[in-house]
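Data block below; observations after.
Where a number appears in this text, it was derived from the coordinates with a stated rule and is not lab data. Predicted model, so just to flag it, every value in this text is computed and none were measured. In this analysis, Cβ positions are derived from the backbone assuming ideal geometry, glycine residues included, and neighbour counts consider all displayed protein chains.
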């Protein structure tokens, strides 16, 4: 990757709504940062669209986060799992701060376990 990540990431395992061309699909988030999210496709057809809408809740939060993003990387993981790297292109500052706090708290918890 030519561009280095500027923010930390946190492991996450949640289901979310991923909208492609206005059609909702369920995806699983694997990690998240204030700048984007890594998604595993579940039951989703092949498509050429790079722009997606996302709707999800962080663990421990009741607030629904709405975001738009662009698929910037696609790869296949173990067992042929299709995975997308999505960069947020539209996210309210409030939601970005919620994600930032989640990432920081996850990092603090990981350090406490060491």
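The table for this structure:
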| quantity | calculated |
| --- | --- |
| Cα-based convex hull volume of the chain per residue, rounded to whole Å³ | 123 |
| Compactness index (Cα Rg / 2.2 N^0.38 Å), segment 30-76 | 1.24 |
| Principal-axis tilt of helix 93-113 within the chain, Cα atoms, nearest 10 degrees | 60 |
| Residue-span extension gain [residue 87 to residue 73] - 0.36 nm each, minus C-alpha spacing | 4.1 nm |
| Taking the chain and dividing mean pair separation by its residue count, relative contact order in percent (alpha carbons under 8 Å, at least six apart) | 24 |
| Segment residue 66-residue 100, extension gain: residue separation times 0.36 nm, minus the distance between their alpha carbons | 10.7 nm |
| Label-zone membership for segment 15-29, site residue 50, 7 angstrom Cα→C-beta point, backbone N under 18 Å | 19-22 |
